[in-house]
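Let me begin by presenting the structure, written as structure tokens, before commenting on it.
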Amino acid sequence: MPASSRPVRRLDPILVDRIAAGEVVERPASAVKELVENAIDAGARTIEVAIEGGGRRLIRVIDDGVGMGPEDLALAVERHATSKLPDGDLFRIDSLGFRGEALPSIGAVSRLTLTSRTDGAAQGATLTVDSGRKGEVRPAPAQRGTRIEVTELFAATPARLKFLKSDRAETAAVAEIVRRLAVAQPGIRFTLRSEGGTPLVLPAEEGEGGAAGLRRLAGVLGQEFAPNALPVDLVREGFAIGGHVGLPTFHRGAANHIHLVVNGRPVRDRLLLGAVRGAYADTMSADRHPVLGLFIACDPALVDVNVHPAKTEVRFRDPGLVRALVVSAIHDALRRGGARSATTGAARALEALRPAAAAPALRSYGGGSAPGLFQPARTSPPMHAPSVAAPPGYAGRDRTGRFGGFGEAPQALLDPSPPDPIPPGTTPTGTPPDAGFAPQAAAFAPDPEGEDALDFPLGAARAQLHETYIVAQTRTGIVIVDQHAAHERLVYERLKRERAAGGIARQGLLIPDVVELGPDAAERLVAAAPDLERLGLTIEAFGPGAVLVREVPAILRGASPRALVADILDALEASGDEEGGAPAAETGPLGRRLDAILSRMSCHGSIRAGRRLHPQEMNALLREMEVTENAGQCNHGRPTSVALALHDIERLFGRR
């Protein structure tokens, strides 16, 4: 009989529960999430989770919360029965759970046993729900709190079992859920045990403010996170945004190290993820992802948490405001990071320098090496560049490029054309090179101000290696700077400042340059001409498939117009045509598009690798890095400098 001709009937209540359970319990990790959230709402300070078979055979959650009496226990497994909405107001939800669906949904597709006791009760009570069939409440010995056991998950719906992944994958999903809940609740002790695996233990973090949150984030994200994290603290428009964000050079290949918490609830919200990506877009490669923990607190009336069955997404009353606040908060934190790069770069450099391969040869020439010389060294505390105070009299750099206390910045930093040639056999200072140095290293004596320069965050330049890397000395170690990557960021930031100030200085070409392109590429470029003119590049159509370049940004004088146009075309294709003839907004899609073009342009105005620099040029580059935003990484997200602590270097030579 066709379905349309069959009489309408009510579904069996147990079947209804099993269908509804599919919205809440998608996999074992979903059940763990619901049960742990209930424990958190119950005021637990210790939560223990144990699983077997990836959660299929057993899920056990034990907490020390307020517990339930026999009457509450019987109601807890009824659908839509909850203690978390005393006034029924869905606009002011301040708990993780509120629908009363978790326990009946889990009980409909498994064998669920609850045992609980309230504080002061003589004994506890227990109740079993087997595939939706509720048993009787019986007395049982129990400690204060609640113990929940879920066995044979999805036994009542075997089709769902076929869609589960391997035990290993399901265990990893459970661990991810526990870690995200632990980040959101640093004051609670979490323990996760599984078959044959090392238990995950996250002790409760005591203390107020961000210190406890940072320790919990380090426990979840790894101990490398703390020395590479920047604090976030913004209170505005009824929202408080806190937490810690990783340096742009401290990144990962996947987005699962981004932790977002809204009013104590871990979420994977697309609006917030987009805001995070936007905040890092200027400092990180598109195929890499930041590492961070961001906490957003607001009036519950400003956010709707009842928009997703699993409560993993939220909706804000004013999404544009929230996005702007998140971007601003992260930008402020990254700005305070200054020229810092991730300490992981230093660890990799030390590992590369450690002469492990030479160890057997040294042992054969005298019976052993220095103790611990060829053993992995502990990671040293990072050298935080911003924590070093500038020497007296150093006023920084203003918008014109003038360096307070040092006079005008050397023209070489503003002009990418090659400097005067250096006679063969001499260093940039004109003195003969030491016979012991390789030809690629340009070493020179310290400046008269060299000792004072050691107090700067990036120290005093001491050498140029392979005409690409600047080696600087600080009070506590050395810093190696990639001159092209660093100057590319400086040029980019200067172009952005000029654009924000009203226009980029431009320079007309004595002979306009004709650039041959395909018809489509030329049309795309001419369509973007009004935007490009605001960036200091004046072009016009020059017949089919060609453009005429009349003016270029002054800071890029000497750059090849053809190469410049090719890179701008790449940037236009990457950003798409969504802006078209949009108004000249400095933020939003158009602003991001213009910044992407500036990023491509800045590469053409930077000091190139292979160019020999004078000592004054190197020091001027270091000084400008110290006062330029986001100078710790180039436009592509690569680090611009690596700091090596002196005591780590001494370990390489067995001095420690």
Inset, instruction - With r as the distance between the Cβ atoms of Thr198 and Glu516 and R0 = 60 Å, compute the FRET efficiency 1/(1 + (r/R0)^6) and round to 0.05. - result: 0.45
Inset, instruction - Lys and Arg at +1, Asp and Glu at -1: add these up for the other residues within a Cβ distance under 11 Å of Thr128 and post the number. - result: +1
Legend entry - Ranked packing of 281-293, 556-568, most packed first, by mean Cβ within 10 Å: 281-293, 556-568
Inset, instruction - Mind giving me the FRET efficiency for Asp452 and Leu548? R0 is 45 Å, r the Cβ-Cβ distance, nearest 0.05 is fine. - result: 0.35
Inset, instruction - Would you calculate the separation in nanometres between label points at Phe163 and Arg475, each defined as 7 Å from the Cα along the Cα-to-beta-carbon direction? - result: 6.2
Legend entry - Length added when fully stretched, His647-Glu152, from 0.36 nm per residue minus Cα-Cα: 172.6 nm
Inset, instruction - Provide the gained length on full extension for the span Ala349 to Ala226, in nm with one decimal, where the gain is 0.36 nm per separating residue minus the Cα-Cα distance. - result: 42.3 nm
Inset, instruction - Could I have the simple spin-label model distance between Glu78 and Ala324, label points 7 Å from Cα toward Cβ, reported in nm to one decimal? - result: 4.8
Inset, instruction - Pop a pseudo-label 7 angstrom from the Cα along the beta-carbon direction at both Ala301 and Ala529 and give the gap in nm to one decimal. - result: 5.5
Legend entry - Phi-based couplings in Hz for segment 318-323 (Karplus 6.51, -1.76, 1.60; Gly and Pro marked x): 10, x, x, 5, 5, 4
Legend entry - FRET E, pair Glu52, Glu237, Förster distance 51 Å, beta-carbon r, rounded to 0.05: 0.60
Legend entry - For peptides 650-656, 180-186, 39-45, sequence by mean Cβ density within 10 Å, most packed first: 180-186, 39-45, 650-656
Inset, instruction - Taking a cut-off of 21 Å between Cα atoms, list the lysines near Lys134, but don't count ones fewer than 8 places away on the same chain. - result: none
Legend entry - Peptides 523-533, 161-171 ordered by average Cβ neighbours within 10 Å, highest first: 523-533, 161-171
Inset, instruction - Give the shape of segment 13-202 as rounded, prolate or oblate, defined through the alpha-carbon gyration tensor: a ≥ b ≥ c are the square roots of its eigenvalues, a/c under 1.5 means rounded, and otherwise the shape is prolate if a/b is larger than b/c and oblate if not. - result: rounded
Legend entry - Lys, Arg +1 and Asp, Glu -1 on Cβ, resulting dipole of segment 13-202 about Cα centre, debye, nearest 20: 520
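Each reported figure results from applying straightforward, stated rules to the coordinates on display, with no laboratory input. What you are looking at is a predicted structure, and each value in this text was computed from that prediction instead of being measured. No Cβ is skipped: glycine too gets one built from the backbone with ideal geometry, and neighbour counts run over all protein chains shown.
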